[in-house]
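Worksheet for the structure shown next.
Coordinate-derived values only; no laboratory data. Note that this is a predicted model, so its numbers are computed, not measured. Virtual Cβ from ideal backbone geometry, glycine too; neighbours counted across all protein chains shown.
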Amino acid sequence: MRRPWLVVDCYVEEPGSGADNFLPHLTDREVVVAQAVRALPLDDPGRFGGVVITGSAAGVNDGLDWVDGLVDFVRRAVTDRVPVLGVCFGHQVLAQAVLGPGAVRTARRPEVGWFPITHRGTAPLLRDFPRTFTTFLSHHDEVDPSHAEMLTVFASSERCSVQGYQVSGCRAWGVQFHAEMALEEASAVVQCQAPSPEEVVSRAVDSAPLIAGLMRRFVEATG
């Protein structure tokens, strides 16, 4: 019997709604959803065939008990060779789990809106992506490139040099960008965070084809 997927939903404002962006792409087996902000009662990552960690309004360095617990859980998952995909906040959690304190810093130039990402063509997750693609980003923290030992970086943007990486020797990946967010959700984030939201939304791009390709390749890579 194939082990189920685990989606760790890290949304703070609407716990549980973040998983909805990933569930349509995980249809080959059972999916367990854990709401990290309410509790993470999971102590055996080996129960799962793969773990997906969503974005969040919380930060890895906020000193929250549930965040620290999630970092510990992800560290055990990587140690146990459980495949992991972290998105935005999840991307930062994975880096912190692998590299330890100091892996994540305040972004020098935060990104909120739709930005071009360039990748090197070496990552299985982005095999279906154009070499340069535009997608939604919303982050005020970032993985510190000076602490990126053990990470093979495969994607970057003008403002952020670590947009995508694989933990060296592991089936564990982080992507800073939000390909999974539909236009409606991304536009709502912009309205709350961007100083000129109308101008930013005018450059919006639908990411639906991108998330479908990314999740298909993640499922394939987990075996």
Next item on the list: Quick one: net charge around MET1, please, counting Lys, Arg +1 and Asp, Glu -1 for every other residue with C-beta under 12 Å from its C-beta.
Entry: +3
Check: Angle, helix 208-222 long axis vs. longest principal axis of the chain, Cα atoms, 0 to 90°, nearest 10?
Finding: 20
Next item on the list: Mind putting a number on the dipole of the range 60-216 about its Cα centre? Charges go on the C-beta only, +1 for Lys and Arg and -1 for Asp and Glu, and I need it in Debye to the nearest 20.
Entry: 660
Next item on the list: Find the percent of Cα-Cα distances in the chain that exceed 28 Å, and round it to a whole number.
Entry: 21
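For a Förster distance of 35 Å, can you work out the FRET efficiency between the beta-carbons of GLU220 and ARG159, rounded to the nearest 0.05?
0.70
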Check: Once the principal axes of the Cα atoms of the range 61-160 are found, what is the range along each, listed largest first in whole angstroms?
Finding: 36, 29, 22
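Using the Kirkwood radius built from alpha carbon pairs, what does the Stokes-Einstein equation give as D for the range 127-187 at 10 °C and 1.306 mPa s, in µm² per second? Walk me through the numbers on the way to the answer.
Numbers: Rh = 12.7 Å.
It comes out at roughly 125 µm²/s.
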Item checked: In order through the range 108-122: 3J(HN,Hα) via Karplus (6.51 cos²θ - 1.76 cosθ + 1.60), integer Hz, x for Gly, Pro -> 5, 9, x, 10, 9, x, 9, 10, x, 10, 10, 10, 8, x, 10
Check: Stokes-Einstein at 4 °C, 1.567 mPa s, Kirkwood radius from Cα pairs: D for the range 121-223 in µm² s⁻¹?
Finding: 88
Note to self: Rounding to the nearest 10 and keeping the result within 0 to 90°, find how far the Cα-based axis of helix 89-99 lies from the longest principal axis of the chain.
What the structure shows: 50
Margin query: Counting other C-beta atoms within 10 Å, and keeping those with at most 15, which DSSP coil GluC sites (Glu not before Pro) do you find in the range 118-223?
Written below: GLU149, GLU158
Margin query: List the residues, sorted by chain then number, that are 5 or more residues from LEU151 or on another chain and whose placed amide H is less than 5 Å from its amide H.
Written below: SER168
